Structure formats: structure tokens, C-alpha cells
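**Student:** I'd like to ask you about the structure that follows.
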Amino acid sequence: MSQRILVVDDTPSNVKLLVDVLGARGYETESAADGEQALARIAAAAPDLVILDIMMPGLSGYDVCRRIRAEPATALLPVVLCTSLDAHRERINGIEAGADDFLSKPVNQHELFARVKSLLRIKALQDEVKAQAEQLAAWNRTLEQRVADQVQQLERLGRLKGFFSPALAEAIVAGGAEDLLKTHRREVSVVFIDLRGFTAFTDRAEPEEVMELLHDYHAAMGRIVVDHGGTLERFAGDSMMIFFNDPVPVDRPAERAVHMALAMQRAFAPLAGPWARRGYALGLGCGIAQGYATLGAIGYEGRWDYAAIGNVTNLAARLCSHALAGQVLIDRKTMACIEGQVPATPAGSLVLKGFAQEVMAFALAVNP
């Protein structure tokens, strides 16, 4: 790209000479007959270099140079002052006005080309540094935006983890949860837990005590659900339903469900102790079943839940309702998956509400 030079002089012959010799060297030139015209041209489109006569009517070359330096956009624009007066005095005045270099009249062409070439090289380096600074500023803005986006994404993830399992929350934030949330069928292990003695407790306890118990209970059980990779479908009062292998498939879901239930029983004992000393007998019952369920998002725009529906959820709930305090009951399918890994004993054939035939159940050995 050709470099542009503005020649400013009130003597037409001087202007023509400089314009012709610079044009012959391949520079793009334009001219101005006085200081006001020069400033107007610079404001319209700043050149790469200004060759400026000192003695002009109206604004002098010094005045124009000072105006150029006063504007942030042209503060570094190279300016060469031309004079036929006392070179020493004019140079001092020119330096004070902000000139970069000087030429004496009549202009020596070799000196002209050398000074122009040197100043344009400096101007090119300044432009490169400016462009790099602007690019760096743009990168910084982009980086700041990315950091802000990531912070926002982490905040969204934190909020979503309050409603969904960590795996599902991360999938939602990453934008890959559409397929996971569609209605589908999958084999899952379902866990139901609730408290034995909770109804009697609520009848006798103050509302503040009930809320205190539920807070500690939900916090302790919730941490165990997360640690074992379960999906908390819902909790209502003292009841909680968790399932495994959906929406994100996991290895050995039945084993995870069993180990989670046992961890819950062990964690509940320290919670129940202080309440027992206050006269409240509380225990945790648990039921686990394995089978196919229909899963997906249910609700309406603005309020969605992720749910599992099917016979397997009913079976887990019924087993939970038959479990004694401190007991974990599992169905035959779950037993087949964990047999030989976790001690269990037959609990007999149970008559469960909603099931036409008796259901064979097994009780897990809960170690303290």
C-alpha cells in the first residue's frame, strides 16, 4: 500500500516541486495551501507524513504542529518542518512545537528522500505496534468474555445441580441434554427411602424441630446420592426416590444402588441418636427394585422435572414401606445382580399393594 504524504506550503512552486519529486519516488501525495486547510485534510484522513512550511499566513507551521500533537489520533504523526530562516533558532522552536525533523530551503532532494524514508519507517513501526496493541486489547476483551461466560456457566451448573444429578446438570449446561431429556425406556435400579416413626414424630415435635430433622436428613442423604452417582427424582417430606443408570448410563447400577442404600443406613444412625435422646424413635427403611421404566422430562414451560414411571418404581416403593427401621429390602432381580458380593438373606414372599402375586424379597446385611 502506497504511503501518503501531505505537503503544506503557501508557495505553489514549492508545493509543486515537492509533490513532483515525491510522486516520482512512488509516494502518494496531496497538498494544502495553509494551516487551516492542512488541519482539515488531516482530520478527514490522516496521512503517513506531513511536510510543513513554517512561515505561512494565518496559522504558522508551529501552530499547525502544536494542533497535530494536541490530538490523540495524530499525536505520533511524523512532521517535517521546512524553513529558509535561521536554522538553529527554528530547530529549537520546532522541537518545542513537536516536530520530528527539519529541512532547509531550498530543499536538497537526497536529504529529503533520506528523512522521509526514515520517518516513514518509524511511522510503519508505530502503526504495527498500535495494531498489535489493538489486537491484544481485542484478545483481552475476548478472554474476559470467555471468563465471564465460564463463570456464568459454572453458576448455572451450581444451580442445576440443586435439581438434577451432577452428570445431568453438566450435560444440560454443555447443551447436550436434549436427547437425554426425551421420553425413553431403560432398565434402571430404583431406590426408595423414608423414615419409620416420622408420623409420630411430627405429631409430637414442634414445627421447627421437624424442619431441623429434615434439613439434616436431606443433607446427609443427598451427599450420599451424589457420591454414588444416583439421580434424585424427588423428595417429599421424609421420602426420597433415587434411580441409577439414567439419564446417564452407569456401570453395575444395582451394585451402586445397594451400596448407596447401605451407606444411607450407616449414615442415619448418628442422626437418629440425638433424637432418640429426646424421646423420638426414628429409623430408616429402604426398598430397591430393578426393571424397565419410562423416563424423561415432565412438567410445563418454566418448571420441568425429570421422572421415572413404571412398575419398577412402584415395587421399590412397596418394598420400602415393608422395610423395618434399619432394613434394606431388595427384589429378586436386584438380588441376582449382587449375589455373592453383598450378604443378603431371604425375607419371604410379601403381599404388596398393587401386585397380584406375592413378591420374593431379600434383606441386605447392614453393617454398622
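The values are calculated or read from the model by the stated rules, or taken from the named source; none is laboratory data. Being a predicted model, the structure only gives us computed values, none of them experimental. Counting neighbours? That spans all protein chains shown, and the Cβs are built from the backbone with ideal geometry, glycine included.
**Student:** Checking the condition under 45 Å from the mean Cα position of the chain (by Cα), surrounded by fewer than 16 Cβ atoms within 10 Å (Cβ to Cβ) and over 17 Å from Val190 (Cβ atoms), which residue from Gln341, Gln357 passes?
**Tutor:** Sole residue among the options that is under 45 Å from the mean Cα position of the chain (by Cα), surrounded by fewer than 16 Cβ atoms within 10 Å (Cβ to Cβ) and over 17 Å from Val190 (Cβ atoms): Gln341.
**Student:** Can you confirm whether segment 70-77 contains a residue that is surrounded by fewer than 18 Cβ atoms within 10 Å (Cβ to Cβ) and over 25 Å from Glu134 (Cα atoms)?
**Tutor:** No, that holds for no residue.
**Student:** For segment 267-295, enumerate the residues that are more than 21 Å from Arg252 (Cα to Cα) and part of a strand (DSSP E or B). Even if it seems obvious, please write down each step before you answer.
**Tutor:** Here is the first cut: in segment 267-295, the ones more than 21 Å from Arg252 (Cα to Cα) are 267-285.
Matches in segment 267-295: Gly283, Leu284, Gly285.
**Student:** Continuing with the same structure: For Tyr306, all conditions in the list (1) surrounded by fewer than 17 Cβ atoms within 10 Å (Cβ to Cβ); (2) of a type outside the set (A, V, I, L, M, F, W, C); (3) at pLDDT below 90; (4) closer than 27 Å to Pro247 by Cα hold save one; what is the number of the exception?
**Tutor:** All conditions are met except number (1).
**Student:** Sticking with this structure for a sec: Just to verify a result, which residue in segment 92-109, among those that are part of a loop (DSSP other than H, G, I, E, B) and among the charged types (D, E, K, R), is modelled with the lowest pLDDT?
**Tutor:** Here is the first cut: in segment 92-109, the ones part of a loop (DSSP other than H, G, I, E, B) are 98-100, 105-108.
Adding the requirement that they be among the charged types (D, E, K, R) leaves 100, 105.
Working: Asp100: 86, Lys105: 82.
Top of the filtered list is Lys105.
**Student:** I've got another one for you. Do you know which residues across segment 221-234 are surrounded by 15 or more Cβ atoms within 10 Å (Cβ to Cβ) and either more than 28 Å from the chain's Cα centre (by Cα) or not in a helix (DSSP H, G or I) (or both)?
**Tutor:** Met221, His228, Gly229, Gly230, Thr231, Leu232, Glu233
**Student:** Continuing with the same structure: Between a residue in segment 41-58 that is free of Cβ contacts under 8 Å to residues at least 40 places away in the same chain and any residue that is buried (at least 23 other Cβ atoms within 10 Å of the Cβ) and part of a helix (DSSP H, G or I), which pairs come within a Cβ distance under 6 Å, given they are 6 or more apart or on different chains?
**Tutor:** Within 6 Å, the pairs are Gly58/Gly35.
**Student:** A further question follows. One residue is enough: does segment 199-209 have a residue meeting the conditions within 20 Å of Arg318 (Cα to Cα), of a type in the set (Ser, Thr, Tyr) and in contact (Cβ under 8 Å) with a residue 60 or more places away in the chain?
**Tutor:** Among the residues of segment 199-209, not one is within 20 Å of Arg318 (Cα to Cα), of a type in the set (Ser, Thr, Tyr) and in contact (Cβ under 8 Å) with a residue 60 or more places away in the chain, which makes the answer no.
**Student:** Another question about this same structure. Within segment 319-363, work out how many residues are more than 18 Å from Met241 (Cα to Cα), part of a loop (DSSP other than H, G, I, E, B) and at pLDDT 95 or above.
**Tutor:** Total meeting the criteria: 0.
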